Amino acid sequence: MVNDTTLLLDLDGVSVMRVERLQCGGRRVHLATAEEAARACPACGVFASRVKGSATTRPRDLPSGESRLELVWHKRRWWCRETACPRRSFTEQIEQIPAGVRITRRLRAASGRRVRDSGSTVIQAVRDLRLSWPTVMNAFRTCVREVVEAELPDVEVLGSMRPGAGGPAGSKSRTPGRGR
């Protein structure tokens, strides 16, 4: 079910069932799985057709404005119908929130980018986003790896960019106002 609230949350694979305002000023957002692929067994890929039960998880996500969001994901546990599959049952998962994960991938990535791009310290990102130090540090390492391993552009000309410093290295141009 796609509604305006689901679009506002912008978390692909889930839809918003309802929203509650908390006494602390935050909001509790109840989610349901909206992605058909979430009922595919992660071990064998066969789509399940029989529900085993339900599960509720509370993955943490990015804050929304000044208030925090408390996500409550009501998901189903499925029986795998493939007899040769070693996995008997599984819970729904989506790309942003894999099974067993307690924070969304976008929150993890945002914590690393905050340190890499915004000049925040790891401990400040930990405090602001309410995450653990190892989580933010590992996210930062992942973000830095993207930059360090990126292909460097080819260099065409070496030289100084200072005004009046002459042209490319090795040229015989004089600096104006000197040596007259």
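Assorted remarks:
- Test for Arg39: is it modelled with pLDDT of 95 or more and at negative phi: no
- Tally, over the range 63-78, of residues that are closer than 30 Å to Ala48 by Cα and surrounded by fewer than 15 Cβ atoms within 10 Å (Cβ to Cβ): 1
- Residue match in the range 138-157 (condition: exposed (fewer than 10 other Cβ atoms within 10 Å of the Cβ), under 17 Å from the mean Cα position of the chain (by Cα) and assigned to a helix (DSSP H, G or I)): yes
- Scan of the range 26-58 for residues that are closer than 19 Å to Glu95 by Cβ, more than 26 Å from the chain's Cα centre (by Cα) and open to solvent by 60 Å² or more (accessible area, probe 1.4 Å), ordered by number: Phe47
- Some residue of the range 75-90 being farther than 27 Å from Val126 by Cα and under 21 Å from the mean Cα position of the chain (by Cα): yes
- Qualifying residue in the range 2-18 (condition: touching a strand residue (DSSP E or B) at 6+ places or on another chain (Cβ under 7 Å), over 28 Å from Val136 (Cβ atoms), in a loop (DSSP other than H, G, I, E, B) and open to solvent by 60 Å² or more (accessible area, probe 1.4 Å)): yes
- Test result for Thr56, within 28 Å of Val126 (Cβ to Cβ) and among the hydroxyl-bearing types (Ser, Thr, Tyr): yes
- Selection within the range 83-123 - surrounded by 14 or more Cβ atoms within 10 Å (Cβ to Cβ), closer than 22 Å to Ala34 by Cα and free of Cβ contacts under 8 Å to residues at least 24 places away in the same chain: Arg105
The values are calculated or read from the model by the stated rules, or taken from the named source; none is laboratory data. Given the structure is predicted, the values throughout are model-derived calculations rather than measurements. Using ideal geometry, Cβ is built from the backbone for each residue, glycine included, and neighbour counts are taken over all protein chains shown. Only protein heavy atoms, including side chains, enter the accessible area calculation; ligands, DNA and RNA are left aside. Shrake-Rupley method; radii C 1.70, N 1.55, O 1.52, S 1.80 Å.
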